[in-house]
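S.K.: First the structure, then my questions, so here it is.
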Amino acid sequence: MTDGKYSTIRTLRGLLTTSGQRKSLVVDDGRLNHGHRITSIRMWPARAAQVGDITVTLATDGVAATTPMDASNNGQIGWVYAAYATSPGNGFEFILDPNHIVVTELVIIADFGAAFADGVNYMITLEPIMLTDSESAVVQIKARQQNLV
């Protein structure tokens, strides 16, 4: 362990089967000085050759995920937009707030059309990070949507 970081990378992955489904991914190990920084997120249809759009919001609590893609909401820390077409031109964009650390809970909410009847896969890559007591307190307050920088 050097520079406050572990040397391991972790992944969370799964399948969202319904549009609007909220999935709480618990990253809490009971120690509030252990956090995770999201380094990437990927989304893709469960079945190839499906056409449509997928939007995803990552939040640090369930309340923050109620309004999709709201960058003014401190509880939202990541957004994904993916467009799948039958011809070339598929698009994928993910935006992550570089100033975030997840300490307890990560909520993922996806919005996708009926074309993705078999659901949408996700894979989130996390980097474990150690926090001081004061850093942990600030992260927890920010996760509860207080307007701290």
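The values are calculated or read from the model by the stated rules, or taken from the named source; none is laboratory data. Predicted, not measured: the structure shown is a model, and the values here were computed from it. Note that each Cβ is placed from the backbone with ideal geometry, even for glycine, and that neighbours are counted across all protein chains shown. Side chains included, ligands, DNA and RNA excluded: accessible areas come from the protein's heavy atoms. Shrake-Rupley method; radii C 1.70, N 1.55, O 1.52, S 1.80 Å.
S.K.: Can you tell me which condition Ser40 does not meet? The list is (1) open to solvent by less than 40 Å² (accessible area, probe 1.4 Å); (2) modelled with pLDDT of 85 or more; (3) more than 30 Å from Glu135 (Cα to Cα), and all the others hold.
M.R.: Checking Ser40 against (1) open to solvent by less than 40 Å² (accessible area, probe 1.4 Å); (2) modelled with pLDDT of 85 or more; (3) more than 30 Å from Glu135 (Cα to Cα), the one that fails is (3).
S.K.: Kindly indicate whether Thr18 is modelled with pLDDT of 80 or more, assigned to a loop (DSSP other than H, G, I, E, B), surrounded by fewer than 13 Cβ atoms within 10 Å (Cβ to Cβ) and not aromatic (Phe, Trp, Tyr). If you could, list the steps in order and put the result at the bottom.
M.R.: Numbers: modelled with pLDDT of 80 or more: yes; assigned to a loop (DSSP other than H, G, I, E, B): yes; surrounded by fewer than 13 Cβ atoms within 10 Å (Cβ to Cβ): yes; not aromatic (Phe, Trp, Tyr): yes.
Yes.
S.K.: Okay, next question. Take Asp118 and tell me if it is in contact with a Gly (Cβ under 9 Å, 6 or more places away or on another chain) and modelled with pLDDT of 80 or more.
M.R.: no
S.K.: Another question about this same structure. If you scan the range 102-123, which residues turn out to be open to solvent by less than 30 Å² (accessible area, probe 1.4 Å) and closer than 21 Å to Asn33 by Cα? Give the steps one after another, and end with the answer.
M.R.: Residues of the range 102-123 that are open to solvent by less than 30 Å² (accessible area, probe 1.4 Å), as a first pass: 102-103, 106-110, 112, 116, 119-120, 122.
Scanning the range 102-123 gives Val102, Val103, Leu106, Val107.
S.K.: Going through the range 78-93 one residue at a time, which ones are more than 21 Å from Gly35 (Cα to Cα) and crowded, with 17+ Cβ neighbours inside 10 Å?
M.R.: Correct list: Val80, Ala82, Tyr84.
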